[in-house]
1. Working carefully through the options LEU47, LEU37, find the one that is out of contact with any Phe, Trp or Tyr (no Cβ under 6 Å at 6 or more places or on another chain), open to solvent by less than 100 Å² (accessible area, probe 1.4 Å) and either charged (D, E, K, R) or at pLDDT 85 or above (or both).
2. Scan the range 14-65 for residues that are among the polar types (S, T, N, Q) and assigned to a helix (DSSP H, G or I) and jot them down.
3. Going through the range 50-70 one residue at a time, which ones are under 22 Å from the mean Cα position of the chain (by Cα) and over 30 Å from LEU37 (Cβ atoms)?
Amino acid sequence: MMHLPLPYHVAIERLTFGISVFHAFRHQWWKAAEDVLQECGKPEADLQAEWKVQVKAQTKPLPRQSRNAGKDAVEELIQLRETRDGLKKRQRDYDTLIEAENTPADKYKRQKQN
């Protein structure tokens, strides 16, 4: 559906209506904000100071990273995975060795030695 442009007088009427609604609600919003400030029991100056500290903390620049930081992180991850896989294999080997030592024949040999 194609929207035709509004006639000038209709656009002005709608804009005027929108501005009047904004002004009415702005006053109510401001009053509600003042009520909340009074209920919280803190002086407005303290709240403004906290706000400035928060804005400063949240908008400070991020620390710079080296050009190869991502590549280095991926390489470290690959190395850690390889180490993990090697340790898992070593654990399986030890488990196999322990199971082999617990065969009935091995138990009998150990009993004879003691």
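The values are calculated or read from the model by the stated rules, or taken from the named source; none is laboratory data. Because the structure is a prediction, the values reported are computed rather than measured. When we count neighbours, we look across all protein chains shown, and the Cβ atoms used for this are built from the backbone with ideal geometry, even at glycine. What goes into the accessible areas is simple: the full protein's heavy atoms, side chains included, and nothing from ligands, DNA or RNA. Shrake-Rupley method; radii C 1.70, N 1.55, O 1.52, S 1.80 Å.
1. Numbers: LEU37 fails: either charged (D, E, K, R) or at pLDDT 85 or above (or both).
Result: LEU47 is the single residue among LEU47, LEU37 that is out of contact with any Phe, Trp or Tyr (no Cβ under 6 Å at 6 or more places or on another chain), open to solvent by less than 100 Å² (accessible area, probe 1.4 Å) and either charged (D, E, K, R) or at pLDDT 85 or above (or both).
2. If the condition is that a residue be among the polar types (S, T, N, Q) and assigned to a helix (DSSP H, G or I), then THR16, SER20, GLN28, GLN38, GLN48, GLN54, GLN58 are the ones that fit.
3. Hits for the range 50-70 are PRO61, LEU62, PRO63, ARG64, GLN65, ALA69, GLY70.
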